[in-house]
Amino acid sequence: MKSISEKLEQELNSPRIRRQRRLRAGRDKGVRWLVGAGGLGVILAITLIFFYLFHEVLPLFQPATTRHGPVLQLDLPDQEAPLLLLTEEQEQMAGLLMPSGQLHFVDLASGQLQQSLQLDLQGARISSISPPHADSRLLLLGLDTGQLLVTRVEFTLAFSQEGQPRGIQPSLSFPLGQQPISINHQGQAIRLLHHQQQEQEITLAAVSGTQLTLLRYNNTRSLFPGAGTQTSQRLELELDEPPDYLLTTPGHRLVYLARQDGTLTLLQDQQGQQHQLLPNGGQITGLTLQLGSQSLLVSDSHGHVSQWFMVRDEQENRQLTHIRTLQLGQQPVTHLLPEARRKGLVAADATGQLGVFSTTAENRVISGPLLPEQPQLMALSPRGSLLLTLDQHQHLHQLHLHNPHPEASFKALWGKVWYEGYPEPEWVWQSSSASNAFEPKFSLTPLAFGTLKAAFYAMLLSIPLALCGAIYTAFFMAPSLRRKIKPVIELMEALPTVVLGFFAGLFLAPFLEQYLPGILALLLMLPPGMLLFGYLWSRLPETLRHALPDGWHAILLIPVILLISWVSLSLSQPLELLLFSGDMQHWLTNEMGIPYDQRNALVVGFAMGFAVIPTIYSIAEDALFGVPRSLSHGSLALGATPWQTLTRVILPTASPGIFSAIMIGLGRAVGETMIVLMATGNTPVMSANIFEGMRTLAANIAVEMGESAVGSTHYRILFLAALVLFVFTFVFNTLAEVVRQRLRQKYSRL
């Protein structure tokens with residue numbers, strides 16, 4: 001007979017067993033392949049996300065480029081040199097104003113004269129010009145007879161009867177009539193001229209001799225054609241000496257009168273202020289207003305372009321203040337042109353050096369000897385993508401500018417910037433406004449600060465509660481009670497964050513505002529109240545204390561916590577009347593100087609902490625409960641107390657898992673969107689005040705991505721915010737894994 005070993009060997013080598021082994025080996029290989037493929041897929045997905053974000057962000061930091069267009073030889077019928085060079089939106093036509101009042105329009109593709117229009121100057125000649133600027137298309141002409149003519153140069157796209165575009169059609173209109181307006185009754189020539197247009201108001205300023213004339217025209221619309229009215233106001237001022245430069249803001253709120261030596265007279269409500277624009281010497285070579293007419297741009301003979309605007313001092317008085325200086329080169333700046341739609345400018349000097357600047361970002365995006373020689377006239381298209389220069393030989397040069405993101409720089413994104421209308425440099429995020437002259441503010445610093453602020457207050461609440469709960473559940477709680485409590489807490493993680501945000505915004509925020517003294521009293525009374533109950537429990541007779549099984553003592557704290565909470569909230573109004581004169585928010589704001597918002601960081605701390613607690617609790621409790629019982633039993637057998645066993649054996653052994661739980665909870669808090677979006681005022685402020693709100697990077701992306709234009713600076717900076725979040729999470733998770741591995745190696749010998 002066969003022995004038992006022979007029968008066993010025969011059975012193990014049977015075809016059925018071999019098939020099972022092959023099937024099991026195939027399943028193991030397939031599972032290993034699937035797990036490996038899944039891991040590689042996750043890594044590949046994360047890598048692709050990173051490169052996609054990087055691809056969208058990269059254009060922000062690519063340098064601006066230039067391209068020279070064809071040089072056109074103009075053949076104009078006039079023998080005199082042009083006074084003014086114009087261009088239009090479509091960048092297909094250029095206009096040249098002659099001293100006789102003729103406007104010649106030239107095709108930029110061929111250089112051929114397309115059309116000429118004659119202004120009726122009534123035998124006079126042009127002595128000064130106020131060219132069209134960013135806020136209007138008005139062209140003002142000062143005449144040597146002491147009169148001025150106001151016209152609007154318009155370019156319209158003409159179409160054929162079949163709907164095909166036929167080209168640009170120039171035309172002239174006269175909003176104040178075709179007859180020149182008399183400025184100086186003695187017939188002195190108008191030396192300086194400037195204008196502003198704001199809705200239905202036209203503001204004019206002119207200097208003839210030593211006389212300054214301020215005119216304001218208001219057009220009132222009517223529902224009936226031809227029923228509108230026009231009113232005018234006139235003010236004449238006698239100057240001590242004639243200025244070399246004249247500028248005015250809408251409504252004559254400010255009038256700038258400057259001389260070449262740098263002396264500026266600022267008229268504000270007809271009160272004059274003296275300023276020195278060039279404290280280091282030199283001469284002014286150009287003076288203009290930037291888009292919005294808030295900033296004064298001054299070019300000088302040292303190659304500088306400085307920016308000035310009005311700033312309120314400590315006494316709330318507005319003072320003209322120097323903000324920043326941009327350097328073009330060492331030669332005098334001969335031409336200074338502000339951009340029509342951005343806070344940028346173009347400057348050129350006598351050597352052909354060209355600079356394109358962004359004042360907000362405080363950087364030079366384009367520079368170099370890009371002009372063949374000193375230009376006689378320059379014009380920048382409304383889009384800011386075409387620069388026309390006319391030299392003394394009547395050669396028209398075209399320079400195409402590709403400058404899509406001038407507002408993006410390291411200082412504009414992360415540093416303090418002095419914005420128009422602000423009393424000092426600040427970190428500000430404000431990406432849009434109702435005004436076309438708005439200065440975009442793209443500082444990511446308040447958003448990053450708000451992200452860390454929200455995460456800090458959430459972790460401040462969640463870490464102690466989650467870790468203490470995990471320690472008690474894993475080490476002290478009765479097993480039967482643990483099997484009920486742990487699933488309930490983990491089930492909290494399934495609650496949608498949008499529900500938590502909705503609850504926090506509509507109920508928790510008003511509740512905290514109404515019972516703020518009681519909430520603060522609860523935070524102070526709860527720990528000593530629980531300690532007092534524990535002490536009283538320890539003083540009870542042993543028969544009563546042992547009647548409750550070990551591990552069920554936490555049940556006794558539920559009514560204690562409810563009682564303390566009820567007492568604290570009941571004392572809220574008496575405490576507010578006693579300590580804060582019945583209004584704690586008013587006391588905080590006016591007495592302590594601490595602003596209070598209803599939707600603040602305290603609300604976010606409670607709501608987001610509630611969302612993060614299950615994550616930290618579950619991972620930390622598993623790590624603590626997974627410590628081998630032999631370690632804790634051995635420690636207790638050697639005479640250590642339960643607390644000594646916990647602090648010297650259990651916690652060190654479980655520290656890698658606890659640290660991972662905290663880091664995962666932090667990552668959850670940093671990336672949280674809906675709770676912060678609904679439970680705060682979404683105000684991007686740099687304040688650590690717990691009673692003020694914030695705006696986080698994630699919430700900002702959710703709010704503004706839908707309204708940003710694809711490919712715009714705003715759009716790409718939102719992707720940059722997403723990339724910052726991605727890198728932040730990646731770095732923190734990497735550091736957490738490194739620390740966790742070191743902790744595991746350190747305590748693996750226990």
Exercise for review: Output yes when any residue across the range 664-675 is farther than 22 Å from Arg599 by Cβ, over 23 Å from the mean Cα position of the chain (by Cα) and surrounded by fewer than 20 Cβ atoms within 10 Å (Cβ to Cβ), and no when none is.
Suggested key: yes
**Study point:** Residue count for the range 685-708, restricted to those that are over 16 Å from Tyr457 (Cβ atoms), surrounded by 24 or more Cβ atoms within 10 Å (Cβ to Cβ) and either touching a Cys at 6+ places or on another chain (Cβ under 6 Å) or at pLDDT below 90 (or both)
**Key:** 0
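Every residue, every condition in (1) in contact with a strand residue (DSSP E or B) (Cβ under 7 Å, 6 or more places away or on another chain); (2) more than 22 Å from Asp244 (Cβ to Cβ), yes or no:
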position: Leu119; (1), (2): yes, yes
position: Gln122; (1), (2): no, yes
position: Gln178; (1), (2): no, yes
position: Ala189; (1), (2): yes, no
position: Gln197; (1), (2): yes, yes
position: Glu201; (1), (2): yes, yes
position: Leu204; (1), (2): yes, no
position: Leu212; (1), (2): yes, no
Review point. Given the conditions (1) exposed (fewer than 13 other Cβ atoms within 10 Å of the Cβ); (2) over 43 Å from the mean Cα position of the chain (by Cα), and given that Gly593 satisfies all but one, which numbered condition is not satisfied?
Key: (2)
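For the range 320-360, which positions are of a type outside the set (A, V, I, L, M), more than 21 Å from Thr65 (Cα to Cα) and under 23 Å from the mean Cα position of the chain (by Cα)? Walk me through how you get there before you give the answer.
Initial filter on the range 320-360 (of a type outside the set (A, V, I, L, M)): 321-322, 324-325, 327, 329-332, 334-335, 338-339, 341-344, 349, 351-353, 355, 357-360.
Narrowing further to those that are more than 21 Å from Thr65 (Cα to Cα): 321-322, 324-325, 330-332, 334.
Selection gives Arg324 alone.
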Review point. Ile555: closer than 29 Å to Ile675 by Cα, out of contact with any Pro (no Cβ under 7 Å at 6 or more places or on another chain) and not polar (S, T, N, Q), yes or no?
Key: no
**Study point:** Matching option when the condition is farther than 17 Å from Phe442 by Cβ and out of contact with any His (no Cβ under 8 Å at 6 or more places or on another chain), among Val417, Val356
**Key:** Val356
Review point. Checking Trp643 against (1) surrounded by fewer than 20 Cβ atoms within 10 Å (Cβ to Cβ); (2) of a type outside the set (Val, Ile, Thr); (3) in contact with a strand residue (DSSP E or B) (Cβ under 8 Å, 6 or more places away or on another chain), which test does it fail?
Key: (3)
Review point. If a residue has to be within 16 Å of Ser367 (Cα to Cα) and either among the polar types (S, T, N, Q) or at pLDDT below 90 (or both) to count, how many in the range 326-349 make the cut?
Key: 5
Study note, to complete from the structure: When the range 234-289 is checked residue by residue, the ones that are under 22 Å from Ile190 (Cβ atoms), crowded, with 16+ Cβ neighbours inside 10 Å and among the small types (Gly, Ala, Ser) are Ala258, Gly286
Practice item. Mind telling me which of the residues Gln122, Gln178 ends up being part of a loop (DSSP other than H, G, I, E, B), under 22 Å from Asn218 (Cβ atoms) and over 44 Å from the mean Cα position of the chain (by Cα)? Key: Gln178
**Study point:** Close pairs from the range 529-544: first closer than 17 Å to Val560 by Cα, partner of a type outside the set (S, T, N, Q), Cβ under 6 Å, at least 6 apart
**Key:** Gly529/Ile564; Phe533/Val560
Study note, to complete from the structure: Of the residues in the range 678-737, those that are under 30 Å from Ile519 (Cβ atoms) and either assigned by TED's automatic domain parsing to the domain that holds His402 or assigned to a helix (DSSP H, G or I) (or both) come to Met678, Ala679, Leu697, Ala698, Ala699, Asn700, Ala702, Val703
Point to revise | Among the candidates His393, His400, residue that is surrounded by fewer than 20 Cβ atoms within 10 Å (Cβ to Cβ) and closer than 24 Å to Gln62 by Cα | key: His400
Check your understanding: Any residue at all in the range 454-466 that is more than 28 Å from Ile561 (Cα to Cα) and either buried (at least 19 other Cβ atoms within 10 Å of the Cβ) or outside the structural domain of Gln290 (by TED's automatic domain parsing) (or both)?
Key -> no
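Let me confirm something: among Ile168, Ile190, Ile183, which residue is of a type in the set (A, V, I, L, M, F, W, C), over 15 Å from Ser127 (Cα atoms) and in contact with a Leu (Cβ under 7 Å, 6 or more places away or on another chain)?
Details: Ile190 fails: over 15 Å from Ser127 (Cα atoms); Ile183 fails: over 15 Å from Ser127 (Cα atoms).
Just a single option satisfies the conditions, and that option is Ile168.
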Review point. Within the bounds of the range 60-75, is there any residue that is surrounded by fewer than 11 Cβ atoms within 10 Å (Cβ to Cβ) and assigned to a helix (DSSP H, G or I)?
Key: no
Check your understanding: Is there any pair with a first residue in the range 500-527 that is among the charged types (D, E, K, R) and a second that is surrounded by 17 or more Cβ atoms within 10 Å (Cβ to Cβ) and part of a helix (DSSP H, G or I) whose Cβ atoms are under 6 Å apart and which are 6 or more apart or on different chains, and what are they?
Key -> none
Exercise for review: Among the residues of the range 355-371, write down those that are aliphatic (A, V, I, L, M) and not in a strand (DSSP E or B).
Suggested key: Ala361, Leu370, Leu371
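Which residue out of Leu354, Leu337, Leu345, Leu328 is free of Cβ contacts under 8 Å to residues at least 40 places away in the same chain, more than 16 Å from Leu277 (Cα to Cα) and crowded, with 19+ Cβ neighbours inside 10 Å? Write out each step before concluding.
Details: Leu354 fails: free of Cβ contacts under 8 Å to residues at least 40 places away in the same chain; Leu337 fails: free of Cβ contacts under 8 Å to residues at least 40 places away in the same chain; Leu345 fails: free of Cβ contacts under 8 Å to residues at least 40 places away in the same chain.
Of Leu354, Leu337, Leu345, Leu328, the one residue that is free of Cβ contacts under 8 Å to residues at least 40 places away in the same chain, more than 16 Å from Leu277 (Cα to Cα) and crowded, with 19+ Cβ neighbours inside 10 Å is Leu328.
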Point to revise | Lone unmet requirement of (1) modelled with pLDDT of 90 or more; (2) outside any strand (DSSP E or B) for Gly352 | key: (1)
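Kindly check whether there is at least one residue in the range 87-94 that is in contact (Cβ under 8 Å) with a residue 12 or more places away in the chain and on the phi > 0 side of the Ramachandran plot. Steps first, please.
Taking the range 87-94 and keeping what is in contact (Cβ under 8 Å) with a residue 12 or more places away in the chain, we get 87-94.
Adding the requirement that they be on the phi > 0 side of the Ramachandran plot leaves 91.
There is at least one residue in the range 87-94 that is in contact (Cβ under 8 Å) with a residue 12 or more places away in the chain and on the phi > 0 side of the Ramachandran plot.
The values are calculated or read from the model by the stated rules, or taken from the named source; none is laboratory data. Treat the numbers as computed from the prediction; the structure is a model and nothing was measured. As a convention, Cβ positions derive from the backbone with ideal geometry for all residues, glycine included, and neighbour counts pool all protein chains shown.
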